[in-house]
Amino acid sequence: MIVRIVEVAIGGSLGATARFLAMELLRRRLGSGYPFGTLFVNVAGCFVLGLVLGYASARGIGVIERHMLLVVGFLGSFTTFSTFIADADALGQRENPGAMLIYLVASVALGFGAFMLARSIGRLF
């Protein structure tokens with residue numbers, strides 16, 4: 001149990017740091033008017049999770065039991081829907097429901113698409 005806690009803590013620390021760096025880089029390059037950083041980390045996280053789950057399912061591996069650092073720790077802190085919802089709300093509060101709707105649909109559609117693609121790729125390895 002202690003080993004799993006340490007794995008989650010290390011993965012969580014790395015995931016949170018990677019999230020911060022990715023979001024900061026995109027904010028500096030693309031500005032802060034649209035939540036590109038959150039969109040990116042959610043889609044990237046979905047892609048990586050799809051790879052891991054696709055790989056694991058093709059080999060009959062229990063993902064949670066064997067991938068605490070990556071799945072629970074890193075991806076758990078790298079992606080978060082709470083930020084996703086807050087960013088959508090911020091777009092809506094600016095009286096821009098069109099941008100909010102595009103952001104919501106793009107996040108879900110691209111995330112699911114990345115997950116499905118990566119799961120298929122993961123099964124090939």
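Residues in the stretch 22-44 include at least one that is out of contact with any Ser or Thr (no Cβ under 6 Å at 6 or more places or on another chain), of a type in the set (Phe, Trp, Tyr), at pLDDT 90 or above and over 25 Å from residue 125 (Cβ atoms).
Residues that are among the aromatic types (Phe, Trp, Tyr) and within 23 Å of residue 32 (Cβ to Cβ) within the stretch 90-125 comprise just one, 103.
When you look at residue 6, is it touching a residue at least 12 places away in the same chain (Cβ under 8 Å) and hydrophobic (A, V, I, L, M, F, W, C), yes or no? In short, no. Assessment of the stretch 38-51 against the conditions (without any contact (Cβ under 8 Å) to a residue 60 or more places away in the chain and of a type in the set (A, V, I, L, M, F, W, C)) yields at least one matching residue.
For the criterion of being under 30 Å from residue 125 (Cβ atoms), over 18 Å from the mean Cα position of the chain (by Cα) and at pLDDT below 90, residue 94 fails.
Taking residues in the stretch 69-91 that are farther than 15 Å from residue 52 by Cβ and in contact (Cβ under 8 Å) with a residue 40 or more places away in the chain, and partners anywhere that are of a type in the set (Val, Ile, Thr) and part of a helix (DSSP H, G or I), the pairs with Cβ atoms closer than 7 Å and at least 6 places apart or on different chains are 83/38; 84/38; 87/38. The criterion of at least 1 residues that are in contact with a Leu (Cβ under 9 Å, 6 or more places away or on another chain) and surrounded by 18 or more Cβ atoms within 10 Å (Cβ to Cβ) is met by the following helices (runs of 4 or more DSSP H) wholly inside the stretch 1-116: 2-30, 36-59, 81-93.
The values are calculated or read from the model by the stated rules, or taken from the named source; none is laboratory data. What you are looking at is a predicted structure, and each value in this text was computed from that prediction instead of being measured. When we count neighbours, we look across all protein chains shown, and the Cβ atoms used for this are built from the backbone with ideal geometry, even at glycine.
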